[in-house]
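Notes to accompany the following structure.
The values are calculated or read from the model by the stated rules, or taken from the named source; none is laboratory data. Quick caveat, the model's predicted, so the values are computed rather than measured. Cβ: placed from backbone, ideal geometry, glycine included. Neighbour counts: every protein chain shown. The area values use the complete protein model at the heavy-atom level, side chains included, leaving out ligands, DNA and RNA. Shrake-Rupley method; radii C 1.70, N 1.55, O 1.52, S 1.80 Å.
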Amino acid sequence: MAFLEIEHLEKSFGATRVVKDFNLSVEKGEFISLLGPSGCGKTTVLRMVAGFEVPTSGNIRIDGKDVVNLKPNQRNIGMVFQAYALFPNLTVAQNVAFGLKVAGVDRAESDKRVTEMLTLIGLPELGNRYPFQLSGGQQQRVALARALAPRPRVLLLDEPLSALDAKIRVSLREEMRAIQQRLGITTIFVTHDQEEALSMSDRVVVMHQGIADQVGTPLDIYNRPATRFVANFVGTLNVMEADVVDPSTGRVKIGGQEITLGRAVPPGKITLGSRPEMISLGARTGRETALKGTITEVHFLGSVIRGRASVGKDVVSFDMFNDTGRAPPKVGEEVSLSVAGQDLLVIGD
């Protein structure tokens with residue numbers, strides 16, 4: 001039995017179903033990200049686990065106990081919000097101690113725990129400061145320490161990094177993940193940022209219109225998307241329409257060019273997808289499938305140059321490293337693009 005179990009969870013607001021038959025099993029100490037666009041239901045799922053929303057139907061169990069009918073303060077859950085939600089009239093130490101005080105922890109134990117938490121987040125010397133005296137990143141660390149101080153069974157993170165600038169977000173997400181692993185606390189993290197989800201998580205739940213479209217490791221989600229939505233939402237994907245010539249061998253035509261995938265495919269018309277980094281300009285060992293195209297765009301992105309080429313009616317993006325000894329292709333140039341047959345995925349609905 002998993003530590004946190006969510007079964008057939010549904011939530012409707014009036015006639016609108018926001019969450020539809022959502023199921024998820026989370027092991028103890030696992031870091032799970034709920035990833036999806038705004039309005040997909042991910043925050044609603046988090047709020048139902050926290051107890052801030054009552055499910056229309058379904059079950060939520062923590063360590064084998066059904067918590068659906070328990071109030072938020074009875075679930076022993078810590079939550080960090082997008083807004084820091086620190087008490088402006090309390091010092092950093094008092095903010096961290098707030099949950100301990102509500103729980104009736106004695107002063108000596110509370111002081112000890114606050115010291116531990118401030119050390120854990122790397123701010124041991126800032127206990128006497130007030131929130132307005134801290135940077136945004138420091139305030140979010142304090143919010144995390146406050147959530148962790150009562151030793152919750154589950155930690156919920158509701159887009160806690162979205163209000164921070166890009167550089168601080170990267171460093172803080174690394175710190176948060178390290179703290180989570182050190183404490184071994186079961187964590188659910190809500191984000192619309194795919195890079196955060198892929199870099200921080202043990203598993204990712206990609207949500208779309210209230211359902212879990214795919215649940216898997218970051219590698220599975222990125223390399224083996226199960227649906228067209230996941231394939232398009234996570235990363236950049238080339239989408240090519242193909243006519244199947246021989247389903248048994250995977251012989252297909254793309255833009256009038258015949259290639260072989262080397263595996264069986266459904267008959268008729270299919271949609272193929274491939275990541276830009278899986279397509280090379282010119283011949284490359286291991287990528288024997290070749291497509292002829294014409295360069296339409298070239299974008300310098302620093303360490304990587306991303307080109308785009310028309311292949312029949314489709315436009316295919318490809319990546320190449322910035323090599324000072326090799327000039328990038330020019331717009332209008334006829335080129336050959338190589339890809340491995342197994343890297344051309346058949347994308348379903």
Folded to 0 to 90 degrees: helix 92-102 orientation relative to the chain principal axis, Cα: 70 degrees
Euclidean distance of C-alpha centroids, segment 269-295 and segment 157-200, integer Å: 34 Å
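So what is the 222 nm mean residue ellipticity for the chain from helices alone, if each DSSP H run of at least 4 adds -39500 (n - 2.57) and you divide by all residues, rounding to the nearest 500 deg cm²/dmol? Show your work: numbers first, answer last.
Working: 8 runs with 84 residues, N = 349.
Calculated at 222 nm, the ellipticity per residue is -7000 deg cm²/dmol.
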In sequence order, calculated HN-Hα J values of segment 214-230 (Karplus, 6.51, -1.76, 1.60; Hz; x Gly/Pro): 7, 10, x, 5, x, 5, 5, 4, 7, 8, 10, x, 8, 9, 4, 4, 4
Square roots of 5 times each gyration tensor eigenvalue, C-alpha, segment 111-246, largest first, Å: 37, 15, 11
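When the solvent-accessible surface of protein heavy atoms is calculated with a 1.4 angstrom probe, in what order do Asp314, Asp165 fall, highest first?
Working: Asp314 25, Asp165 85 Å².
If we order Asp314, Asp165 from most to least accessible, we get Asp165, Asp314.
What number does segment 287-349 give for Rg over Rh if you use C-alpha atoms and the Kirkwood radius? If you can, show how the numbers build up before the last one.
On the way: Rg = 12.6 Å, Rh = 12.7 Å.
Result: Rg/Rh = 1.00.
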q = 0.11, 0.13 Å⁻¹: log10 I(q)/I(0) that the Debye formula gives for the chain, counting C-alpha atoms only: -0.84, -1.01
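Any chance you could run the full-extension gain for Asn322 through Thr217? It's 0.36 nm times the residue separation minus the Cα-Cα distance, nm to one decimal.
Here the segment from Asn322 to Thr217 would lengthen by 34.8 nm.
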Sequence-distant residues sharing a close amide H with Leu157 (under 5 Å, placed H): Val80, Ile188, Phe189, Val190
Accessible surface ranking that places the most exposed of Lys112, Lys28 first, with a 1.4 angstrom probe: Lys28, Lys112
Nonlocal amide H pairs with Val234, under 5 Å, H built at 1.01 Å: none
Formal net charge of residues neighbouring Asn76 (Cβ-Cβ distance under 11 Å; K, R +1; D, E -1): +3
Unit charges on C-beta of K, R, D, E only; dipole of segment 245-334, Debye: 160 debye
Shape of segment 211-334, Cα gyration tensor, a/c cut at 1.5: oblate
Nearest 10 degrees, 0 to 90: helix 166-183 Cα axis against the chain principal axis: 60 degrees
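Check each of the GluC sites (Glu not before Pro) in segment 270-349 and keep only those in coil by DSSP with at most 15 other C-beta atoms within 10 angstrom; list them in order. Mind dumping the intermediate values first?
Numbers: sites: Glu277, Glu288, Glu297, Glu333, Glu334; in loops: Glu288, Glu333.
Within segment 270-349, the qualifying GluC sites (Glu not before Pro) (loop, at most 15 other Cβ atoms within 10 Å) are Glu288, Glu333.
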Backbone HN-Hα couplings from phi across segment 137-146 [Karplus 6.51/-1.76/1.60, Hz, Gly and Pro as x]: x, 5, 4, 5, 5, 5, 4, 5, 4, 4
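Say R0 is 41 Å: what FRET efficiency, to the nearest 0.05, do Ser162 and Val239 get from their beta-carbon distance?
On the way: r = 29 Å, r/R0 = 0.70.
Efficiency, rounded to the nearest 0.05: 0.90.
What value in Å³ per residue do you get for the convex hull of the alpha-carbon atoms in segment 1-158?
Working: hull volume 20.7 nm³, N = 158.
Output value, Cα hull per residue: 131 Å³.
What are the semi-axes of the equivalent ellipsoid of segment 69-170, taken as the square roots of 5 times the eigenvalues of the Cα gyration tensor, listed largest first and rounded to whole Å?
Details: eigenvalues 88, 64, 25 Å².
The answer is 21, 18, 11 Å, longest axis first.
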